[in-house]
Amino acid sequence: MLGFHFDRNWGETPCFVILLRDSIEISLSNPGGSGFVRPNRKVHPDAPWDAYVWVHDVSALQKELQSKGAKVIRGPEETLYHTREIEVEDCNGYVLCFGQSIEG
């Protein structure tokens, strides 16, 4: 739904993968398959995102993701640190923030 894909994963029981989309690469791992992986915001209230991804056009990305049924939970919104952002929650409760630099 978010447009990422992967070519392969690693581990006897898969525990590492690199997700790809355009020029974005996100590495995900679960060392030892502990099962204790959870969204950052469930561990600490000051950690709202599980990943922050820089993009060139937040508005176009938002339209694309919403057309595919993605859950946009914030934005687009301009921040005090000169970015335009959206937050998207994935099917496992992880929050990805996509940000675009704007002139301030």
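Points worth noting:
- The string of couplings for region 3-19 from the Karplus curve (6.51, -1.76, 1.60, θ = phi - 60°) is x, 8, 9, 9, 8, 6, 10, 10, x, 4, 9, x, 9, 8, 8, 10, 8 Hz, one whole number per residue in order, with x for Gly and Pro.
- Once backbone amide H atoms are built at 1.01 Å from N, Lys71 has Glu89 as its partners under 5 Å, excluding neighbours fewer than 5 places away on the same chain.
- Relative to the longest principal axis of the Cα atoms of the chain, helix 58-67 runs at roughly 60 degrees.
- Applying the Kirkwood pairwise sum to the alpha-carbon positions of region 9-101 produces a hydrodynamic radius of 14.5 angstrom.
- Spatially proximal lysines relative to Lys42 (Cα-Cα < 21 Å; intrachain offsets below 8 disregarded): Lys71
- Length gained on full extension, Lys68 to Arg8: 19.2 nm, using 0.36 nm per residue less the C-alpha separation.
- In the chain, the DSSP-assigned H stretches of four residues or longer account for a calculated mean residue ellipticity at 222 nm of -3500 deg cm²/dmol, using -39500 (n - 2.57) per stretch and the full residue count as denominator.
- By the rule of a C-alpha distance below 16 Å, with chain neighbours fewer than 8 residues away ignored, the aspartates and glutamates paired with Lys68 are Glu87, Glu89, Asp90.
- Packing, taken as the mean count of other beta carbons within 10 Å per residue, orders the peptides 60-67, 73-80, 4-11 from highest to lowest as 60-67, 73-80, 4-11.
Quick note: the coordinates plus some simple rules give every number you see, no bench work behind them. Nothing here was measured: the structure is a model prediction, and the numbers come from that model. With ideal geometry, Cβ positions are generated from the backbone for all residues, glycine too; neighbour counts draw on all protein chains shown.
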